[in-house]
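Visitor: Got a structure for you, written out below as structure tokens; questions coming shortly.
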Amino acid sequence: MKTIGLIGGMSWESSAVYYDLVNKKVREILGGFHSCKNIMITVDFAEIEKLQHLDEWEALDKLMVASAKQLEAAGADIVVLCTNTMHLCVPAILDNISIPFLHIAEACGQEISKRKIKKVALLGTKFTMEKDFYKTYISENFGIEVIIPNHEERLDIHRIIYHELVQGQIKNESREIYKKIIGNLEQRGAEGVILGCTEIPLLISESDVNIPTFDTTTIHAEKAVEWALN
């Protein structure tokens, strides 16, 4: 078994889910007393959140590169960034490490392709929904059209992530807002929806909506285990 390197803390609530998932998946596959060999570096999300909203992506690149290099120096065999939004920093990370990196959009795109879906909605932070790094990766590498909510819906999604989900607050009224938005996206032709923020699966599951959901946290964690064991 290879060692998975996890960059966490964005937020720690979803990072805890990653840790739980990778260990459960290894035990499910190998049985007995097996658990996942992993190393996690966690950052202070207050610093990250401030820089995100100041649009200071060069500073964020440096923080993510430092974490990735720490993992490599500590003996990790692969880097897994436990957040969707911070994949904006992937080019900088790849330029500074010599071990593999598992891109969350790659893992997610593989799962969408298996379902033969050609048009998918993307929910996430405003950075994930509005910048091209995620949508372009899915469309260019998998030939899948990606649509996003309208402006007002994006504001609601982003607000709920930062004011509630990253604080561990799960509210039924927010779940209803997300369900309505996903319903609107379904009417626009979405055949599935990417839960493109690692906190969103804390609020929404496939049983809440009519179309397939792609839980990026679970998909990413399980792909990492698959890599580590193969």
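Visitor: Of the residues I182, I211, I219, I204, which is hydrophobic (A, V, I, L, M, F, W, C) and touching a Gly at 6+ places or on another chain (Cβ under 7 Å)?
Guide: Selected residue: I211, the only one of I182, I211, I219, I204 that is hydrophobic (A, V, I, L, M, F, W, C) and touching a Gly at 6+ places or on another chain (Cβ under 7 Å).
Visitor: Here's a follow-up. Do we find a residue being of a type in the set (A, V, I, L, M), surrounded by fewer than 19 Cβ atoms within 10 Å (Cβ to Cβ) and part of a helix (DSSP H, G or I) anywhere in the range 149-156?
Guide: Scanning the range 149-156, I find at least one residue that is of a type in the set (A, V, I, L, M), surrounded by fewer than 19 Cβ atoms within 10 Å (Cβ to Cβ) and part of a helix (DSSP H, G or I), so the answer is yes.
Visitor: Still on this structure, please answer the following. Say we look at the range 2-54 and pick out the residues that are basic (K, R) and free of Cβ contacts under 8 Å to residues at least 12 places away in the same chain; which of these is surrounded by the fewest Cβ atoms within 10 Å (Cβ to Cβ)?
Guide: K50
Visitor: Now for a different question. Of everything in the range 111-127 that's in contact with a Phe, Trp or Tyr (Cβ under 8 Å, 6 or more places away or on another chain) and closer than 19 Å to I211 by Cβ, which residue is surrounded by the fewest Cβ atoms within 10 Å (Cβ to Cβ)?
Guide: So, considering only residues that are in contact with a Phe, Trp or Tyr (Cβ under 8 Å, 6 or more places away or on another chain) and closer than 19 Å to I211 by Cβ, the one surrounded by the fewest Cβ atoms within 10 Å (Cβ to Cβ) is S113.
Visitor: Report yes if L60 is touching a Phe, Trp or Tyr at 6+ places or on another chain (Cβ under 9 Å), under 19 Å from K126 (Cβ atoms) and free of Cβ contacts under 8 Å to residues at least 40 places away in the same chain, otherwise no.
Guide: Details: touching a Phe, Trp or Tyr at 6+ places or on another chain (Cβ under 9 Å): no; under 19 Å from K126 (Cβ atoms): yes; free of Cβ contacts under 8 Å to residues at least 40 places away in the same chain: yes.
It is false that L60 is touching a Phe, Trp or Tyr at 6+ places or on another chain (Cβ under 9 Å), under 19 Å from K126 (Cβ atoms) and free of Cβ contacts under 8 Å to residues at least 40 places away in the same chain.
Visitor: So which residues in the range 168-181 are in a helix (DSSP H, G or I) and touching a helix residue (DSSP H, G or I) at 6+ places or on another chain (Cβ under 8 Å)?
Guide: S174, R175, I177, Y178, K179, I181
Any read-out appearing in this document is the output of simple, stated calculations on the displayed coordinates, not a laboratory observation. What you are looking at is a predicted structure, and each value in this text was computed from that prediction instead of being measured. Here Cβ is always computed from backbone atoms with ideal geometry, including for glycine, and neighbour counts include all displayed protein chains.
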